[in-house]
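Read through the structure below, which is laid out as structure tokens, and then see the notes.
Rule-based calculations on the coordinates, nothing more; no lab input. Everything numeric in this text was worked out from a predicted model, so none of it was measured. Here the Cβ is made from the backbone with ideal geometry for all residues, glycine too, and neighbour counts use every protein chain on show.
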Amino acid sequence: SEAPASWDKPLAGKVAVVTGAARGIGATIAEVLARDGATVVAADIPAAGEALSETANKVGGTSLALDVTADDAGEVLSKHLLERHGGADIIVHNAGITRDKTLANMDESRWNSVIGVNLLAPQRITEQLVASGALKEGGRVVDVSSIAGIAGNRGQTNYGTSKAGVIGLVHASAPVLAQKNITINAVAPGFIETAMTAAIPFATREAGRRMSSLLQGGQTVDVAELVSYFASPASNAVTGQIVRVCGQSLL
Ligand code: NAI
């Protein structure tokens, strides 16, 4: 086959949902998908408030208050997408949280909240969007894992487990979703400069940056560009893949 003349606006005509879009990596994903031509539905928890509408306005999209862990999250999102847009083409499960503690102090509520947001919500929402037809045939699912799910990270047994679970989820879902010509892939960021990583203690933060062979933290846009690739027709034949954005070749 021939290479297209250019990839100017590869997502033109596509509707994309980005969860956790109020700030950080999610806000930049919304920006990059919109730049590449998508109509963006920016979703985040109600508490995200103004920040969410700011993202939506910046990218010329719309905002949706959605806690991904709500029992009816998949149903609410399906209804919204079918009514307003006739369905969506792309879902990016970016919403994620950390509740760090040493393993001895890792109580059950920290396990449940982190597994709930980072692993169960992407699975349930994808399943419901596919069942309702709100994610169209030929659609794209992009999950967000982490280097912590591959290499592990002190104080993050709950988080690392949730992000390792996302890798299993992608592998297990790929052949199933392929029946509807839907691809599913994940980005696995290393240390990215966001509010999430600004909150960790200085020494740990510096160590995180030095884990990269490039010896610096990544930027949100580094992750967003890969998400856009997974969402675009350029990756038609790519599914079930986990790609690290962490400045490291070995781990
Ligand atoms: P962040 O904390 O800056 O932003 C996360 C967003 O998700 C926030 O706007 C928050 O309100 C939203 N969110 C949290 N719980 C939610 C829920 N229940 N429903 C809907 N939205 C919810 O985090 P950051 O750094 O931008 O991370 C984004 C994703 O990338 C997360 O999945 C995170 O685990 C992952 N990641 C981040 C890395 C980093 O170095 N910053 C490294 C590897 C992965």
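Here are the numbers:
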read-out	value
Under the Karplus curve 6.51 cos²θ - 1.76 cosθ + 1.60, θ = phi - 60°, whole-Hz ³J(HN,Hα) for the range 48-58, x wherever Gly or Pro sits	5, x, 3, 4, 5, 5, 4, 4, 4, 5, 4
Computed [θ] at 222 nm, helices only, for the chain once each DSSP H run of length n ≥ 4 contributes -39500 (n - 2.57)	-12500 deg cm²/dmol
Label-point separation, Ala234 to Leu120 (7 Å along Cα→Cβ), nm	3.7 nm
Ranked packing of 108-121, 191-204, 84-97, most packed first, by mean Cβ within 10 Å	84-97, 108-121, 191-204
Order by protection proxy (mean Cβ within 10 Å, highest first), peptides 172-179, 161-168	161-168, 172-179
Packing-based order for 218-227, 52-61, using average beta carbon neighbours within 10 Å, highest first	218-227, 52-61
12 Å cut-off, amide nitrogen to a point 7 angstrom out along Ala207 Cα→Cβ, residues in the range 68-98	none
Distant-in-sequence amide H partners of Leu66 (H built 1.01 Å from N, under 5 Å)	Asp44, Ile45
Candidates Val32, Val142, Val18: whichever shows maximal mean-square fluctuation once the chain is modelled as a Gaussian network with Cα springs under 10 Å	Val32
